[in-house]
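Here's the structure we're looking at; comments come further down.
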Amino acid sequence: QVQLVESGGGLVQPGGSLSLSCIASGSMFSRYAMGWYRQAPGKQRELVASISPGHSTNYADSVKGRFTISRDNFANTVYLQMNSLTVEDTAIYYCSAGNIYPGAYWGQGTQVAVSS
């Protein structure tokens, strides 16, 4: 069982930046595929970005060029740097881990609100 704890959410103005972090328990972190998902009110949860154990990354089209996912295997942490935020980025952001793809383990989520 992997426990994931997100941090870094908050309120930011349009055009601003936020950095999310997710720290994982256990010694298997480096072997997991990690991902950030988000769920906006009334919408389905969607994959925002993922990163493989080998650091290959994948992004939703809506965040390409604005968001960057990274991982530090020594710190058991995955990050999501979010720049040029828009109101459409407002959502609860979830960290997830899995053996091949993210989705097996979930954090509790952190709220990101973009508003003027």
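The values are calculated or read from the model by the stated rules, or taken from the named source; none is laboratory data. Values in this document were obtained by computation on a predicted structure and should not be read as measured data. With ideal geometry, Cβ positions are generated from the backbone for all residues, glycine too; neighbour counts draw on all protein chains shown. Accessible surface is based on the protein model in full, side chains and every heavy atom, while ligands, DNA and RNA are left aside. Shrake-Rupley method; radii C 1.70, N 1.55, O 1.52, S 1.80 Å.
Could you look through region 2-16, keep only residues that are in contact with a Phe, Trp or Tyr (Cβ under 9 Å, 6 or more places away or on another chain) and under 12 Å from residue 92 (Cα atoms), and pick out the one that is surrounded by the fewest Cβ atoms within 10 Å (Cβ to Cβ)?
If we take residues in region 2-16 being in contact with a Phe, Trp or Tyr (Cβ under 9 Å, 6 or more places away or on another chain) and under 12 Å from residue 92 (Cα atoms), then 8 is surrounded by the fewest Cβ atoms within 10 Å (Cβ to Cβ).
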- Message: Which pairs turn up if I take residues in region 95-116 that are farther than 14 Å from residue 25 by Cα and look for partners that are open to solvent by 50 Å² or more (accessible area, probe 1.4 Å) and of a type in the set (Gly, Ala, Ser) with beta carbon separation below 8 Å, at least 6 apart in sequence or on another chain?
- Response: 110/7
- Note on the structure: Counting only residues in region 46-57 that are under 12 Å from the mean Cα position of the chain (by Cα) and not β-branched (Val, Ile, Thr), the one surrounded by the fewest Cβ atoms within 10 Å (Cβ to Cβ) is identified as 46
- Query: In the list 35, 26, which residue meets the criterion of being modelled with pLDDT under 95 and closer than 15 Å to residue 98 by Cα?
  - Reply: 26
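Condition check ((1) hydroxyl-bearing (Ser, Thr, Tyr); (2) without any contact (Cβ under 8 Å) to a residue 12 or more places away in the chain) across all residues:
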position	(1), (2)
27	yes, yes
52	yes, no
55	no, no
68	yes, no
86	yes, no
- Message: If a residue must be under 17 Å from residue 91 (Cα atoms) and in a strand (DSSP E or B), how many such residues does region 51-64 contain?
- Response: 1
- Message: Suppose we keep only residues that are exposed (fewer than 13 other Cβ atoms within 10 Å of the Cβ) and within 25 Å of residue 116 (Cα to Cα) within region 20-45. Which one would you say is farthest from the chain's Cα centre (by Cα)?
- Response: 42
- Filtering region 65-116 down to residues that are open to solvent by less than 20 Å² (accessible area, probe 1.4 Å), part of a strand (DSSP E or B) and of a type in the set (Gly, Ala, Ser) yields 91, 96, 97, 98
- Task: Look through region 93-115, keep the residues that are under 10 Å from the mean Cα position of the chain (by Cα) and of a type outside the set (Gly, Ala, Ser), and return whichever of them is farthest from residue 41 (Cα to Cα).
- Result: 95
